[in-house]
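I have placed the structure first, in the form of structure tokens, so that the comments after it can refer back to it.
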Amino acid sequence: MADGGRHRVAVASSNGDYVDEHFGNALYYQVYDSDGHGWSFVETRKSRPGCGGPGGCGGGACLLSETLADCEAVFVLRIGPSAAVSAARAGLRVFEAGGPVDDMLDYVFANGLLDDTGEVM
């Protein structure tokens, strides 16, 4: 969804306040949009954790990639290697981060981490 500073991201959070969930275990993802000036909350999406199912987290990543298909990035506390590959193949950029959601979103916006600069943090 990146165009002209507009981005949609998902955050793995158990309470909406902190990035505190593993990609494959998160029950909820908070979705945010940026309009080029800041972030606004869109909705909470319920997910089905994939780590316990057939194929482990790699199989679950496919389900999550569908749930988050309109997002360009996801912020999680941790993600396993096979799930990271699966998410990347689905076009989802994955960032490992922890702490307050507002602080993380402000940092991402202030530093242009989702802009097409070619820089990766």
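Read-outs throughout are calculated quantities, based only on the coordinates presented, and are distinct from any laboratory measurement. Nothing here was measured: the structure is a model prediction, and the numbers come from that model. Cβ atoms come from the backbone with ideal geometry, glycine included; neighbour counts cover every protein chain shown.
Under 12 Å from a point placed 7 Å out from the Cα of Thr44 along the Cα-to-Cβ direction: which residues of segment 65-106 have their backbone N that close?
None, by backbone N distance to the label point.
When N is the residue count of segment 12-51, what does its C-alpha Rg come to as a fraction of 2.2 N^0.38 Å? Don't skip to the answer; put the middle values down first.
Working: Rg = 11.2 Å, N = 40, 2.2 N^0.38 = 8.9 Å.
Taking N as the residue count of segment 12-51, the ratio is 1.25.
Where does each of 36-45, 22-31 land if you order them by average Cβ count within 10 Å, highest first? Intermediate results must be reported in sequence, preceding the final value.
Numbers: 36-45: 12.2, 22-31: 20.9.
Averaged packing, sorted descending, gives the order 22-31, 36-45.
For Arg93, which sequence-distant residues (separation of 5 or more, or a different chain) have an amide H within less than 5 Å of its own amide H, given hydrogens modelled in the peptide plane?
Amide H neighbours of Arg93: Ala73, Val74.
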